[in-house]
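Q: Below you'll find the structure I mean.
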Amino acid sequence: MAACTALEAVGVVSEVRPLDTLPAGVELRQVEQDLLATARDRFGETAVRRALAAPSHVIVKRFPGMSPPPPPNAGPDWRPAIPVALLAKEGDRWFAATARGWREADAVATAVIEDTLTSEAFREEPERIGACPDYGASLLLAKLPGREREVRSALCTSQTDKVVYEALRA
């Protein structure tokens, strides 16, 4: 029973479904649950476990702000894509999860991620960044060696948003 509790504490066991929209006033606990559920949904349980076991890992999700118009012939239930990234560092190399497995992540993007996550500007930034008009939301879960795991929600441009952007392009 203790093993189940420990796994749940790091987000490995969960029945939470990925969110299609971010509710107003969402708590950071819910942000973390959504990031883990979304990563499981997109990349699979094995990939999430592998990432969480790595000393450095990053999970991000980007909700769109003002949605673009639907493409031609889109059905009434069409919604814009919600980009997600799952990254893990093994040794000195970062890897990005895909629907078919892992690939080496973009070195420039991951260097920016590491620089930003270790910067004073990131450390001083609040865990929740208030809203800007039509911005959407950038969600982040990140862990680096020697640091506490970070969970952030940014509803405007920020250091958090910078990490999310780079992770999505990694």
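Q: Regarding Asp77, is this residue within 25 Å of Tyr135 (Cα to Cα), free of Cβ contacts under 8 Å to residues at least 12 places away in the same chain and among the acidic types (Asp, Glu)?
A: yes
Q: Condition first: farther than 25 Å from Phe95 by Cα and in a loop (DSSP other than H, G, I, E, B). Can you find one or more residues in the stretch 27-47 that meet it?
A: Looking for residues that are farther than 25 Å from Phe95 by Cα and in a loop (DSSP other than H, G, I, E, B), one finds at least one in the stretch 27-47, hence yes.
Q: I've got another one for you. List the pairs whose first member sits in the stretch 43-60 and is touching a residue at least 24 places away in the same chain (Cβ under 8 Å) and within 13 Å of Trp102 (Cβ to Cβ), whose second member is open to solvent by 10 Å² or more (accessible area, probe 1.4 Å) and assigned to a helix (DSSP H, G or I), and whose Cβ atoms are under 6 Å apart, counting only residues at least 6 apart or on separate chains?
A: Val48/Arg40
The values are calculated or read from the model by the stated rules, or taken from the named source; none is laboratory data. Source: prediction; values computed, not measured. No Cβ is skipped: glycine too gets one built from the backbone with ideal geometry, and neighbour counts run over all protein chains shown. Just so you know, the surface numbers come from the protein's heavy atoms only, side chains and all, with ligands and any DNA or RNA stripped out. Shrake-Rupley method; radii C 1.70, N 1.55, O 1.52, S 1.80 Å.
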